[in-house]
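Please read the structure below before turning to the comments.
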Amino acid sequence: ASLVVITSTGADLFIRSHPQMQNRALPTLNLGVVRLELAPGFWILPSLAIVAPFAFFRLFSPLLEMTAAIIALAATGGLLLAALLGQHYALDRRPEVRHTARLILQTITLLLAFSLFSATYYARLRFLYSGVLIGATAALLAYALMQWAPPRKGLFVLAGMIGIALAEATWALNYWAASFLLGGALLLVLFYVAIGLVQHHLEGTLSQRVFWEYGLLGSGLLAAVVVATFR
(Lines give C-alpha, C1' and ligand atoms only; values in the text may rest on other atoms or scores of the structure.)
Protein backbone atom coordinates (compact mmCIF):
# COMPACT_ATOMS: atom_id res chain seq x y z
CA ALA A 1 0.00 0.00 0.00
CA SER A 2 2.85 2.38 0.81
CA LEU A 3 4.54 1.63 -2.51
CA VAL A 4 1.28 2.26 -4.37
CA VAL A 5 0.84 5.64 -2.67
CA ILE A 6 4.43 6.65 -3.41
CA THR A 7 4.14 5.47 -7.02
CA SER A 8 0.84 7.30 -7.56
CA THR A 9 2.32 10.51 -6.16
CA GLY A 10 5.38 10.23 -8.41
CA ALA A 11 3.26 9.42 -11.46
CA ASP A 12 1.03 12.42 -10.77
CA LEU A 13 3.94 14.84 -10.45
CA PHE A 14 5.70 13.38 -13.48
CA ILE A 15 2.71 13.58 -15.83
CA ARG A 16 1.60 17.05 -14.71
CA SER A 17 5.02 18.38 -15.71
CA HIS A 18 4.16 17.61 -19.35
CA PRO A 19 3.23 20.79 -21.32
CA GLN A 20 0.18 19.11 -22.89
CA MET A 21 -1.36 18.64 -19.44
CA GLN A 22 -1.93 22.40 -19.27
CA ASN A 23 -4.75 21.93 -21.80
CA ARG A 24 -6.48 19.15 -19.85
CA ALA A 25 -9.22 19.66 -17.30
CA LEU A 26 -8.12 17.91 -14.11
CA PRO A 27 -10.01 17.14 -10.89
CA THR A 28 -9.24 19.69 -8.19
CA LEU A 29 -8.94 18.99 -4.48
CA ASN A 30 -9.93 22.08 -2.48
CA LEU A 31 -8.28 22.08 0.95
CA GLY A 32 -9.35 25.62 1.79
CA VAL A 33 -5.89 27.11 2.05
CA VAL A 34 -4.66 25.51 -1.16
CA ARG A 35 -6.20 23.86 -4.21
CA LEU A 36 -4.48 20.83 -5.69
CA GLU A 37 -4.92 19.57 -9.23
CA LEU A 38 -4.73 15.80 -9.50
CA ALA A 39 -4.46 13.36 -12.41
CA PRO A 40 -5.90 10.12 -10.95
CA GLY A 41 -6.31 8.50 -14.37
CA PHE A 42 -2.53 8.41 -14.65
CA TRP A 43 -2.11 6.60 -11.33
CA ILE A 44 -3.76 3.36 -12.44
CA LEU A 45 -1.13 1.68 -14.63
CA PRO A 46 1.91 2.63 -12.48
CA SER A 47 0.13 1.50 -9.30
CA LEU A 48 -1.03 -1.81 -10.72
CA ALA A 49 2.46 -2.34 -12.18
CA ILE A 50 3.57 -2.58 -8.54
CA VAL A 51 0.82 -4.98 -7.48
CA ALA A 52 0.35 -7.31 -10.47
CA PRO A 53 3.82 -8.91 -10.82
CA PHE A 54 4.00 -9.90 -7.15
CA ALA A 55 0.37 -11.11 -7.15
CA PHE A 56 1.06 -13.26 -10.23
CA PHE A 57 4.58 -14.63 -9.73
CA ARG A 58 3.98 -15.54 -6.09
CA LEU A 59 1.73 -18.29 -7.47
CA PHE A 60 4.90 -19.96 -8.81
CA SER A 61 6.86 -19.69 -5.54
CA PRO A 62 6.52 -23.41 -4.66
CA LEU A 63 8.08 -24.29 -8.02
CA LEU A 64 10.58 -21.48 -8.61
CA GLU A 65 11.26 -20.51 -4.97
CA MET A 66 13.44 -17.37 -4.80
CA THR A 67 13.56 -17.06 -8.58
CA ALA A 68 9.88 -16.10 -8.57
CA ALA A 69 10.63 -13.07 -6.36
CA ILE A 70 13.53 -12.01 -8.60
CA ILE A 71 11.33 -12.26 -11.71
CA ALA A 72 8.60 -10.27 -9.95
CA LEU A 73 11.07 -7.50 -9.04
CA ALA A 74 12.39 -7.33 -12.60
CA ALA A 75 8.88 -7.31 -14.07
CA THR A 76 7.78 -4.59 -11.65
CA GLY A 77 10.69 -2.34 -12.58
CA GLY A 78 10.20 -2.87 -16.31
CA LEU A 79 6.42 -2.37 -16.26
CA LEU A 80 6.62 0.69 -14.01
CA LEU A 81 9.24 2.40 -16.18
CA ALA A 82 7.34 1.52 -19.37
CA ALA A 83 4.06 2.80 -17.93
CA LEU A 84 5.53 6.13 -16.82
CA LEU A 85 7.33 6.74 -20.10
CA GLY A 86 4.40 5.47 -22.15
CA GLN A 87 1.99 7.90 -20.48
CA HIS A 88 4.46 10.74 -21.00
CA TYR A 89 4.97 10.09 -24.71
CA ALA A 90 1.28 9.32 -25.29
CA LEU A 91 0.79 13.10 -24.92
CA ASP A 92 3.47 13.93 -27.50
CA ARG A 93 2.49 16.32 -30.29
CA ARG A 94 3.95 13.99 -32.94
CA PRO A 95 1.26 11.51 -34.07
CA GLU A 96 3.68 8.64 -34.76
CA VAL A 97 5.24 8.89 -31.27
CA ARG A 98 1.82 9.22 -29.68
CA HIS A 99 0.49 6.18 -31.54
CA THR A 100 3.47 3.99 -30.58
CA ALA A 101 3.25 5.04 -26.93
CA ARG A 102 -0.45 4.22 -26.75
CA LEU A 103 0.14 0.79 -28.28
CA ILE A 104 2.73 0.16 -25.57
CA LEU A 105 0.25 1.28 -22.89
CA GLN A 106 -2.38 -1.07 -24.32
CA THR A 107 0.09 -3.95 -24.18
CA ILE A 108 0.98 -3.12 -20.57
CA THR A 109 -2.71 -2.95 -19.68
CA LEU A 110 -3.37 -6.40 -21.13
CA LEU A 111 -0.38 -7.87 -19.27
CA LEU A 112 -1.57 -6.38 -16.00
CA ALA A 113 -5.12 -7.59 -16.63
CA PHE A 114 -3.97 -11.16 -17.27
CA SER A 115 -1.78 -11.16 -14.16
CA LEU A 116 -4.46 -9.81 -11.83
CA PHE A 117 -7.29 -11.88 -13.31
CA SER A 118 -5.21 -15.05 -13.00
CA ALA A 119 -4.13 -14.29 -9.43
CA THR A 120 -7.71 -13.60 -8.35
CA TYR A 121 -9.06 -16.69 -10.12
CA TYR A 122 -6.34 -18.82 -8.49
CA ALA A 123 -7.60 -17.89 -5.01
CA ARG A 124 -11.04 -19.37 -5.78
CA LEU A 125 -12.75 -16.81 -3.59
CA ARG A 126 -16.51 -16.53 -3.18
CA PHE A 127 -18.15 -14.48 -5.93
CA LEU A 128 -18.80 -11.65 -3.48
CA TYR A 129 -15.05 -11.12 -3.28
CA SER A 130 -13.70 -12.39 -6.61
CA GLY A 131 -16.40 -10.61 -8.61
CA VAL A 132 -15.72 -7.29 -6.89
CA LEU A 133 -11.94 -7.64 -7.28
CA ILE A 134 -12.03 -8.58 -10.96
CA GLY A 135 -14.78 -6.09 -11.76
CA ALA A 136 -12.92 -3.23 -10.08
CA THR A 137 -9.65 -4.23 -11.77
CA ALA A 138 -11.31 -4.36 -15.20
CA ALA A 139 -13.04 -1.00 -14.66
CA LEU A 140 -9.81 0.73 -13.61
CA LEU A 141 -7.80 -0.71 -16.49
CA ALA A 142 -10.57 0.13 -18.95
CA TYR A 143 -10.62 3.73 -17.76
CA ALA A 144 -6.82 3.93 -18.04
CA LEU A 145 -7.17 3.15 -21.75
CA MET A 146 -10.34 5.11 -22.46
CA GLN A 147 -8.89 8.36 -21.12
CA TRP A 148 -6.83 8.66 -24.32
CA ALA A 149 -9.97 8.89 -26.45
CA PRO A 150 -11.40 12.31 -27.40
CA PRO A 151 -12.80 13.99 -24.25
CA ARG A 152 -16.45 13.18 -23.56
CA LYS A 153 -18.77 12.49 -20.67
CA GLY A 154 -19.65 9.02 -19.47
CA LEU A 155 -16.21 7.39 -19.40
CA PHE A 156 -16.74 6.27 -15.80
CA VAL A 157 -20.05 4.67 -16.78
CA LEU A 158 -18.50 2.82 -19.72
CA ALA A 159 -15.59 1.62 -17.57
CA GLY A 160 -18.06 0.49 -14.93
CA MET A 161 -20.07 -1.45 -17.51
CA ILE A 162 -16.95 -3.33 -18.59
CA GLY A 163 -16.20 -4.05 -14.95
CA ILE A 164 -19.72 -5.41 -14.40
CA ALA A 165 -19.43 -7.61 -17.51
CA LEU A 166 -16.15 -9.12 -16.24
CA ALA A 167 -17.65 -9.61 -12.77
CA GLU A 168 -20.59 -11.51 -14.29
CA ALA A 169 -18.16 -13.66 -16.29
CA THR A 170 -16.31 -14.41 -13.06
CA TRP A 171 -19.54 -15.66 -11.48
CA ALA A 172 -19.90 -18.20 -14.31
CA LEU A 173 -16.21 -19.16 -14.20
CA ASN A 174 -16.45 -20.01 -10.51
CA TYR A 175 -18.33 -23.16 -11.59
CA TRP A 176 -15.66 -24.11 -14.14
CA ALA A 177 -12.83 -26.40 -13.07
CA ALA A 178 -10.10 -24.75 -15.15
CA SER A 179 -6.55 -23.81 -14.20
CA PHE A 180 -5.91 -20.26 -13.08
CA LEU A 181 -3.95 -19.51 -16.27
CA LEU A 182 -6.84 -20.58 -18.50
CA GLY A 183 -9.33 -18.73 -16.33
CA GLY A 184 -7.20 -15.59 -16.52
CA ALA A 185 -6.82 -16.03 -20.28
CA LEU A 186 -10.57 -16.31 -20.78
CA LEU A 187 -11.23 -13.17 -18.74
CA LEU A 188 -8.48 -11.40 -20.70
CA VAL A 189 -10.15 -12.28 -24.02
CA LEU A 190 -13.46 -10.86 -22.79
CA PHE A 191 -11.73 -7.72 -21.55
CA TYR A 192 -9.80 -7.29 -24.81
CA VAL A 193 -12.94 -7.53 -26.97
CA ALA A 194 -14.98 -5.25 -24.71
CA ILE A 195 -12.36 -2.50 -24.42
CA GLY A 196 -11.53 -2.73 -28.13
CA LEU A 197 -15.14 -2.16 -29.17
CA VAL A 198 -15.59 0.68 -26.68
CA GLN A 199 -12.39 2.40 -27.83
CA HIS A 200 -13.54 2.28 -31.46
CA HIS A 201 -16.90 3.69 -30.36
CA LEU A 202 -15.25 6.59 -28.52
CA GLU A 203 -13.02 7.37 -31.50
CA GLY A 204 -15.95 7.23 -33.92
CA THR A 205 -14.47 4.35 -35.91
CA LEU A 206 -16.86 1.58 -34.86
CA SER A 207 -18.25 -0.03 -37.98
CA GLN A 208 -19.74 -3.35 -39.01
CA ARG A 209 -16.32 -4.47 -40.24
CA VAL A 210 -14.67 -3.69 -36.87
CA PHE A 211 -17.51 -5.43 -35.05
CA TRP A 212 -17.07 -8.59 -37.13
CA GLU A 213 -13.27 -8.48 -36.72
CA TYR A 214 -13.51 -8.39 -32.93
CA GLY A 215 -16.32 -10.94 -32.95
CA LEU A 216 -14.34 -13.43 -35.01
CA LEU A 217 -11.10 -12.79 -33.12
CA GLY A 218 -12.80 -13.09 -29.75
CA SER A 219 -14.63 -16.26 -30.78
CA GLY A 220 -11.39 -17.82 -32.03
CA LEU A 221 -9.52 -16.99 -28.83
CA LEU A 222 -12.37 -18.27 -26.66
CA ALA A 223 -12.49 -21.49 -28.66
CA ALA A 224 -8.72 -21.93 -28.22
CA VAL A 225 -9.03 -21.50 -24.43
CA VAL A 226 -11.92 -23.99 -24.23
CA VAL A 227 -10.06 -26.56 -26.34
CA ALA A 228 -6.94 -26.15 -24.15
CA THR A 229 -9.10 -26.70 -21.07
CA PHE A 230 -10.58 -30.00 -22.21
CA ARG A 231 -7.38 -31.47 -23.64
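The values are calculated or read from the model by the stated rules, or taken from the named source; none is laboratory data. Note that the structure is predicted; figures quoted are calculated from it, not measured. Glycine gets a Cβ as well: all are built from the backbone with ideal geometry, and neighbour counts include every protein chain shown. Areas reflect the complete protein model, heavy atoms only, side chains present, ligands, DNA and RNA absent. Shrake-Rupley method; radii C 1.70, N 1.55, O 1.52, S 1.80 Å.
Points worth noting:
- Accessible surface of segment 56-127 [probe 1.4 Å, protein heavy atoms]: carbon and sulfur percent: 68
- Here the contact order of the chain, divided by its residue count and restricted to Cα pairs under 8 Å and six or more residues apart, works out to 16 percent.
- Accessible area in square angstrom per residue, the chain, 1.4 angstrom probe: 56
- Nearest-ten-degree value, helix 44-57 long axis tilted from longest Cα axis of the chain: 30
- Gyration tensor (alpha-carbon) shape descriptor, segment 99-180, a/c threshold 1.5: oblate
- Peptides 97-110, 159-172 ordered by packing proxy, namely the average of other Cβ atoms within 10 Å per residue, highest first: 159-172, 97-110.
- According to the calculation over all Cα-Cα pairs in the chain, the P(r) per 10 Å bin from zero is 7, 29, 36, 21, 6, 1, 0 %.
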